[in-house]
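The values are calculated or read from the model by the stated rules, or taken from the named source; none is laboratory data. Just so you know, these numbers come straight off a predicted model, no measurement behind them. Here the Cβ positions follow ideal geometry from the backbone for every residue, glycine too, while neighbour counts run over all protein chains shown. To get the accessible areas, we keep the full protein, side chains included, count just its heavy atoms, and leave off ligands, DNA and RNA. Shrake-Rupley method; radii C 1.70, N 1.55, O 1.52, S 1.80 Å.
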Amino acid sequence: QDDVDLLLLALKGNDQKIHIILNKADRVTTPQLMRVYGALMWSLGKVIDTPEVSRVYIGTFWDEPLQNDEQRKLFESEENDLYTALAQMPRSAATRKLNDLIKRARLARVLAFLLNHLRNKMPSFMGKSKEQKRLIDNLAAVYQDIAKEKGLAMGDFPDPSLMREKLEKMDFTKFPKLDKKKMDALERMIHEELPQLLKLTTEEAASAEAASMAQLGTAASPFAVMKVDGKSERTVYQDQWLVFPNLEDYTKEFEDIGPNAARKISGSQAKSVLEQSKLPSKVLHAIWNLSDVDKDGALTLAEFALAKHFIKMKLEGQDLPPTLPAQMIPPPDDRA
């Protein structure tokens, strides 16, 4: 326990950079894994001080056979996310450093206003020690007064308890006066220069190469835990699905439904068939919007084939395209 406390103390301030792994998750059943995960998240909430819930990667990170493969898909997805996060670190290094600089600049601004406020509150003659002690004891209220007066975020202020320890050893009357030129330059850096740099680093990061890792590759593999250029198991094969379906594969089913004289099936007819996929209504709604090309509320054979094709695509774990790709638009003759 002492070693863990020392480690967390050394990492303080870098909590958002910690990657937590729940390893050997295949050694337990799904109900047991849920209990272990819940207990771990509860414990982490007490030792890692971040606004967001800590990200925990669940899996079994070795080459041995899985003892319990109930959650194979979960393990593969989690490994995928972890390897991707590690591989893309070079892309985010500059942005991360710049964010640290922004944080330091905002802290410097807050401390400058704080020291100036404490200096101005000190009496000219008698009672300096008493007033200094009062200000230190009421440091939280002092924070609020400065934040309200200067329009600062309370999150920029340092921990009051840590700040009290430092201020107790200082003489407030010896704090230097606030330098307006330097403060103006600091404000300009925070509000103008740093945002411009952040924009440049974001563009640079987009063109940077990911770190080379054995788990990643440039070619698709049905067994690889991978993300290539932002693609995952759910999207890496998407291009293979984004082709116009073979109408012959769906002609018999379409005819069995009973198209009308215009060679179309109504929305209600299509609904009963598409619902057999057991996909959620919001997914079927998206599939309908992609497939009903002419937006007439009915499906031709080509549009029906598109709907069935997208259902298969979704059931295979692939993400649907936001709009119908040009190569999947049925020829005009097939829409009638």
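Please specify each residue of region 18-32 satisfying the condition of being open to solvent by 40 Å² or more (accessible area, probe 1.4 Å) and on the phi < 0 side of the Ramachandran plot. Once the filter is applied, which keeps residues that are open to solvent by 40 Å² or more (accessible area, probe 1.4 Å) and on the phi < 0 side of the Ramachandran plot, region 18-32 yields Ile18, His19, Ile21, Asn23, Arg27, Val28, Thr29, Pro31, Gln32. When Ala10 is tested against the conditions (1) under 22 Å from the mean Cα position of the chain (by Cα); (2) open to solvent by 50 Å² or more (accessible area, probe 1.4 Å); (3) without any contact (Cβ under 8 Å) to a residue 12 or more places away in the chain, the lone failure is (1).
One line per residue, one yes/no per condition, for (1) free of Cβ contacts under 8 Å to residues at least 24 places away in the same chain; (2) within 31 Å of the chain's Cα centre (by Cα):
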{"residue": "Glu78", "(1), (2)": "yes, yes"}
{"residue": "Ser92", "(1), (2)": "no, yes"}
{"residue": "Leu115", "(1), (2)": "no, no"}
{"residue": "Ser129", "(1), (2)": "yes, no"}
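Residue pairs whose Cβ atoms lie under 7 Å apart, separated by 6 or more positions or on different chains, with the first residue in region 274-285 and under 20 Å from Asp256 (Cα atoms) and the second of a type in the set (Gly, Ala, Ser) and open to solvent by less than 90 Å² (accessible area, probe 1.4 Å), are Leu274/Ala307. Residue selection: Leu115 satisfies the criterion of being under 20 Å from Glu168 (Cβ atoms), surrounded by 16 or more Cβ atoms within 10 Å (Cβ to Cβ) and either at pLDDT 90 or above or of a type in the set (Asp, Glu) (or both). The test for being aliphatic (A, V, I, L, M) and either touching a residue at least 24 places away in the same chain (Cβ under 8 Å) or assigned to a helix (DSSP H, G or I) (or both) does not hold for Met170. Residue-level analysis places Phe175 among those that are surrounded by 12 or more Cβ atoms within 10 Å (Cβ to Cβ) and either closer than 13 Å to Leu115 by Cα or out of contact with any Asp or Glu (no Cβ under 7 Å at 6 or more places or on another chain) (or both).
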